[in-house]
Structures are given as structure tokens and as C-alpha cells.
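Engineer: Handing you a structure now.
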Amino acid sequence: MTTHRLAVGEGRAMTVDDAGDPGGVPVLYLHGTPDSRLARPADDGLAAAAGVRLLALDRPGYGGSDPLPGGGASCGDPGTWPRLLASDVRAVLDQLAVERCAALAWSGGALAGLVLAAGLPERVSALGIVAGLVPRQAYDDPAVRDAGADRLATLELADALPPGELGDAVAPLLAPYPCDRALALEHQAEHRDPAGARELATVAGGAERMADALVEAVRHGLAGVAADVEAQARPLEVELAAVTCPVRLWYGADDAVTPPVFGEWCAGHLRTATLDIVDSAAHYLLFTHWSDILRSLAHLR
């Protein structure tokens, strides 16, 4: 595994772990909220065995990646962060000599996955979303509103606050800063739902890996978390009809964080999507089904 810090313009850089099989199918991994490129199984030999060259990216403001200028999603123009993210990822792929790749997004990384699939159709060959959040506009659907009722207060607050203030107010509730492994373990254990906790406990070293991912995520502050809060609480300025590559959706039947109805909404609005609702799985099905997901995505065309 090699870690690259790559220039993407305007004096900024992004950090990516280049792991797995160097000659395998490139898969760009987009972590959740608040996480980093480390929020994946620690054994990158699993990616190699799946025939995958894994490119695990710190999204803007997280870990070793600089924030988007003006705060990205906090800048007041909701179309800015999708355009900038697509441009940055194009620069990363160019420097890694990757012409086309699949994108794999987990949880809060789902919006970034949609942005890249829609904005870089010539570079993103397939999209996988695992236990993904849905865009703000999905909450117009009564089923999504009912299933995501615990998020409604944040959405209402977003309507009352100007861009920038919401992220700054909510980010400290989602991630402690500064943070070490002990604090990360405590914070995550307190906020993990029971089904997710049981699921992650079946993964050797899983809780410690997620703690390390959080420590790395906020190493330079909460800019990435704040930008995610803003992006997730406001309409996504991306036409989902522009996503024309094959899409595979995986949601856990027992997931209380991103319930199956989120997957059903995505499947209904992405014309090329196939939905798998995984029995007895919760929010950490990315970890428990990692190899199968990578293999499926590597062959999705």
C-alpha cells in the first residue's frame, strides 16, 4: 500500500491510499461521515484477492485532504462543491494514470459517489453505494421522512440558518476534536446503534479500525465534517438522470442509520440501479461483506 498526497489545484491536495492489486480493476473508495480513507477493512490483501486496485480517498477536509475553497458546501452556492469535487477527483485519477474506475461509496460518502458518477461519466464506469445516505430532496417522500425522522431536526435547522452556520454548529456533535484513539472509541461506542455494534463486533479489530479512521479524519480539524453536514442537509444540485453507469446498491435489512427505504428511494430514482437488501445486516455490512462487494463492483459494467 502506498499513500499519495496529490496536488489538485489552487494550492490544495488530496490524500489517497493506493492498495490491493496494482494491475486490478481500479475502485475509488469514498468513506462516510465523519471518517477517513482508513474506514475500511485493514487487510488490503482482500482487495488484491478480489482483483481490485483500491484507491481509498480522503474526501475534502478529512485526514490528509485539504478542504474545498470557501468551505465547499458552506459557500452559499450549492452547485459549487459538486463541481469542485469532480474536478479534484479528475486530477487525482490523472496523476495515478487511471483512465476509468468504479466508485464505491459508504454511508455519508453516497452523495459524493452520485456527484462523481454524474459529473465524470467518462471516468466512472460503475457506482456502488453501501448503506448510503439519500439527498435532502428524498425527504419529500413520506416513507423516507418516516424512516429518517431522527434527521428532520437538522433539516429544519438548515432551513433556518445561512450556509456555513449549520456545519459549524453540528460538526462538534458528530466528532470530538482534538481526538485520540481512546476518545474515538468512547465516542463511537456511545453513538453506535445496537444492531451496528453487534455487527462490527464480529469483525476482528473493527472497532479499533473505525476509531483510527476517526482520529485521522479530524487530524486537522472539523472542516470535512462541517462540509458534509451542509451538503447532506441541503438539496443536492445534481441531476440523478445524469448517472448513466451501472449502479449497485447494498442496504442492510437491520440498518437503523440508513434504513432499507433509503435504498428503495435511490433505486427508484437511478434508472440503472439494482438494489440488494441484505438479510441480518446493519450499517457495517461494508466490513462484513467487503470482499463480495469489491468482486461484484469490479465486474459491474
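The values are calculated or read from the model by the stated rules, or taken from the named source; none is laboratory data. If you're wondering where the values come from, they're calculated on a predicted model, not measured in any experiment. Here the Cβ is made from the backbone with ideal geometry for all residues, glycine too, and neighbour counts use every protein chain on show. Only protein heavy atoms, including side chains, enter the accessible area calculation; ligands, DNA and RNA are left aside. Shrake-Rupley method; radii C 1.70, N 1.55, O 1.52, S 1.80 Å.
Engineer: Within segment 270-301, track down each residue that is in contact (Cβ under 8 Å) with a residue 60 or more places away in the chain, closer than 21 Å to A117 by Cα and polar (S, T, N, Q).
Structural biologist: Correct list: S296 only.
Engineer: Now, a different point. Quick one: which of L173, L161, L240 is without any contact (Cβ under 8 Å) to a residue 24 or more places away in the chain and under 19 Å from the mean Cα position of the chain (by Cα)?
Structural biologist: Numbers: L161 fails: under 19 Å from the mean Cα position of the chain (by Cα); L240 fails: without any contact (Cβ under 8 Å) to a residue 24 or more places away in the chain.
After ruling out the rest, the residue left standing is L173.
Engineer: Go through segment 1-17 and report how many residues are open to solvent by 30 Å² or more (accessible area, probe 1.4 Å) and closer than 28 Å to L46 by Cβ.
Structural biologist: Total satisfying the criteria: 5.
Engineer: Just to verify a result, which residue in segment 133-150, among those that are under 20 Å from the mean Cα position of the chain (by Cα) and without any contact (Cβ under 8 Å) to a residue 24 or more places away in the chain, is least open to solvent (accessible area, probe 1.4 Å)?
Structural biologist: Y139
Engineer: Looking at segment 110-137 only, could you name the residues that are part of a strand (DSSP E or B) and hydrophobic (A, V, I, L, M, F, W, C)?
Structural biologist: V124, A126, L127, I129, V130
Engineer: Considering only segment 177-198, how many residues are part of a loop (DSSP other than H, G, I, E, B) and either at pLDDT below 95 or open to solvent by less than 60 Å² (accessible area, probe 1.4 Å) (or both)?
Structural biologist: 3
Engineer: List every residue pair whose Cβ atoms lie under 8 Å apart, where the two residues are 6 or more positions apart in sequence or sit on different chains, the first residue falls within segment 216-233 and is closer than 23 Å to P78 by Cβ, and the second residue, located anywhere, is open to solvent by less than 10 Å² (accessible area, probe 1.4 Å) and of a type in the set (S, T, N, Q).
Structural biologist: Filtered contacts from segment 216-233: G224/S65.
Engineer: For segment 280-290, give me each residue that is in a helix (DSSP H, G or I) and open to solvent by less than 30 Å² (accessible area, probe 1.4 Å).
Structural biologist: If the condition is that a residue be in a helix (DSSP H, G or I) and open to solvent by less than 30 Å² (accessible area, probe 1.4 Å), then L285, L286, F287, W290 are the ones that fit.
Engineer: Same structure again: How many of the residues in segment 39-63 are in contact with a strand residue (DSSP E or B) (Cβ under 8 Å, 6 or more places away or on another chain) and within 20 Å of A226 (Cβ to Cβ)?
Structural biologist: The qualifying residues number 6.
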